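*Asks:* Please see the structure below; I have some questions.
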Amino acid sequence: MTSAVGMLRQSTLPDSCFNFGWTGIHPYAATDRFFGEFLRHAATEHRRPAPRLHHLRGTPLKCYSNPHESAINSCSRHHPKEELHFRPFAGKATQLNRQAGARAMVSFITIVTADDHPTFRDGLGRLLEIEPDLKVIAQANYVADAINRVLELKPDILLLDLKMPPQPKAEISPRGGLDALAAVKGSGSMTKTILFSAEIETEEIIEAIELGARGVLLKSAATELLIEGIRTVMRGACWAGTEAVPTFDALLRKTHEEVNKRKFGLTPRELEVVSAIVRHSMSNKDIAQLFKIAEDTVKHHVFNSCEKVGASNRLELGNFARAHKLPLKDLF
């Protein structure tokens, strides 16, 4: 009795007619058991009775590669010359179509990145788009461009650097990101902003949160933390450094307490004068012109500041401010 394998070998059909769709499996290597299981599977897919293998022996076979043809058009053997038509994976095309439709329905988190370093910006975009649910739709390299991109494209997330130039070819502003954040908030945009900076002071964190930032993250953080932060913010929570928090209320209270402790009793004006000395190396005369006050008043503020922190001169005052991280401000 001729086996299924022998029958296939004796067939005059070309090998392409026996391409069952499995890479690396040639029909000549098929066994009777494999062939029978294959037919039973095809028949089950289309609610037809599976023909027994011995019914097929000696029957010429004809295979179709068209995915739209029936898995089994005929499985009876009324005549030795009657052909058996079958399609191994008739349901495969439908399955692939469903999978393609499911991929098309995936909802992306749209992102705009704003950073004045093009190399970092491009690398960041490539890292984010490795994730199947993240899509960078635009990049900005200065404050006005970032604002326009958000208002025009309405992204889900704005990844915003802190220090950025306000306009093309302008000098970098230490408050560029905060100015952009304020403009986005004032526009009524629904975009959620994550402040993403190389360094950030406590006072800047407080101001960013008060301006509506939903996340604060350092560029030195691992990529996994950034991605998790984006998804956390999209779920409605907030991201603080390395962890998710329901809101920023507790963080704000804690940060305000820390800042108050680090003020060492200095008044707001005294902090501004110390900031001018430490951050900008300004003289008493320049400070007086900046704040439109008398030079003697500046000297009085400097003296009181030194008294409160235990410094004897401007140099020691500056060293103390840096060592104890006084909440200083960039005045320009």
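*Asks:* So which of Lys135/Lys192; Lys254/Lys325; Lys261/Lys292; Lys263/Lys308 end up more than 18 Å apart by C-alpha?
*Replies:* Lys261/Lys292
*Asks:* Still on this structure, please answer the following. If each of Asn313 and Lys254 carries a label point 7 Å out from its Cα toward its Cβ, how far apart are those two points in nm?
*Replies:* 4.1 nm
*Asks:* To continue, here is another question. Residues of region 289-332 with amide nitrogen under 19 Å from the 7 Å Cα-to-Cβ point of Ala198?
*Replies:* Output list for this probe position: 330-332.
*Asks:* Can you tell me how much longer the chain between Lys263 and Leu331 gets when fully stretched, taken as 0.36 nm per residue apart minus their C-alpha distance, in nm with one decimal?
*Replies:* In short, 22.7 nm is gained.
*Asks:* Also, quick follow-up: Do any of Lys163/Lys329; Lys154/Lys185; Lys169/Lys329 go past 18 Å between their Cα atoms, and which?
*Replies:* Correct reply: Lys169/Lys329.
*Asks:* On a full-extension model of 0.36 nm per residue, what is the gain between Phe108 and Arg235, subtracting their alpha-carbon distance, rounded to one decimal in nm?
*Replies:* 44.4 nm
*Asks:* Moving on. What FRET efficiency comes out for the pair Glu152/Lys185, r = Cβ-Cβ distance, R0 = 25 Å, nearest 0.05?
*Replies:* The value I calculate is 0.90.
*Asks:* Expressed in nm², what is the orientationally averaged projection area of the convex hull enclosing the Cα positions of region 137-205?
*Replies:* Quarter of the Cα hull surface area: 4.4 nm².
Laboratory data are not the source of any read-out in this text; all were calculated from the coordinates shown. Keep in mind the model is a prediction, meaning the values are calculated, not measured. Heads up, the Cβs are rebuilt from the backbone with ideal geometry, glycines too, and the neighbour counts pull from every protein chain shown.
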